[in-house]
Each structure stands twice: as C-alpha cells, then as structure tokens.
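Encoded as structure tokens, the structure appears first; notes follow it.
Just so it is clear, none of the values below were taken in a lab; they were calculated from the coordinates. Quantities reported herein were computed from a predicted structural model and do not represent experimental measurements. When we count neighbours, we look across all protein chains shown, and the Cβ atoms used for this are built from the backbone with ideal geometry, even at glycine.
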Amino acid sequence: MTIKQNLGRIKQINLKEVFEKEDKDFTPWLNENLNILGEKLNLDIIDSNIEENVGSFSCDIIARDSDSNKIIIIENQFGATDHDHLGKILTYAAGKQAGIIIWIA
C-alpha cells in the first residue's frame with residue numbers, strides 16, 4: 001500500500017490546557033489563524049479586528065466574509081455556553097448588523 005501523504009489524528013483538547021487566558025491568549029491566536037476556521041466553515045474571513053467595542057461591550061472578533069460581504073461576529077467562551085454570552089452575541093450581531101455568527105465554546 002502506498003500512502004501519498006502522512007495522516008495525523010484529530011484529538012479533542014481542553015483549550016485551557018493550551019491557552020491560559022481566553023482574551024489575552026486564545027483570541028489573538030485565533031485572529032491570526034482565521035484562515036483555518038474559514039476553511040472548515042467554507043468562509044473567506046477577512047478584515048478582522050479583536051476586542052472591538054459594540055455599545056458598552058467588547059466583541060472578541062469582528063470580521064467580514066469576502067464572498068458574501070457579510071459581517072462576521074466571533075465570540076469565544078472557555079467552558080459551556082450560557083445565557084450571558086448568548087445575550088452578548090445578540091447585542092454584537094444587532095449592533096454590527098452581522099450576517100454570520102460564530103460561537104466557540
């Protein structure tokens with residue numbers, strides 16, 4: 001048997017084991033690697049900004065999909081989802097007229 005490419009294993013990890021803080025470590029890393037997320041979601045994510053103000057809140061990442069020109073809101077959350085983050089996501093989406101919402105939890 002001939003294998004043309006080395007294959008790896010997908011392993012689920014706890015983000016807290018790799019990134020100490022969500023806002024100071026994970027969000028900047030994700031912002032620098034949005035192409036990976038975009039590939040998985042079939043989006044061409046461009047023009048990203050981190051910790052952008054939306055009213056009295058700060059959205060983790062705001063970007064745009066180059067194909068549809070829709071605004072993308074990305075909210076990161078270490079741990080299980082909760083109503084606090086859901087409310088923030090809805091606030092960000094309304095405040096920025098987002099067409100795509102990505103919630104990473």
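Relative contact order of the chain: 20 percent, from C-alpha pairs under 8 Å at least 6 residues apart in sequence. Between ALA93, ALA80, ALA63, the residue with the greatest mean-square fluctuation in the GNM of the chain (Cα pairs under 10 Å linked by springs) is ALA80. Between PHE57 and THR91, the simple spin-label model (points 7 angstrom out along Cα→Cβ) gives 0.5 nm. Is there a pair in LYS16/LYS40; LYS11/LYS70; LYS40/LYS70; LYS24/LYS96; LYS16/LYS96; LYS16/LYS88 whose C-alpha atoms are over 26 Å apart, and which pairs would that be? In this structure, LYS11/LYS70; LYS16/LYS96 exceed 26 Å between Cα atoms. Counting Lys and Arg as +1 and Asp and Glu as -1 over every other residue whose Cβ lies under 15 Å from the Cβ of GLU52, the net charge comes to -2. Among residues other than ASN35 with Cβ under 15 Å from its Cβ, the summed charge is -4 (Lys and Arg +1, Asp and Glu -1). Indicate the gyration tensor shape class of the stretch 17-104 (rounded, prolate or oblate), computed on the Cα atoms with a ≥ b ≥ c the square roots of the eigenvalues: a/c under 1.5 is rounded; otherwise a/b larger than b/c is prolate and the rest oblate. It comes out oblate by the Cα gyration axes.
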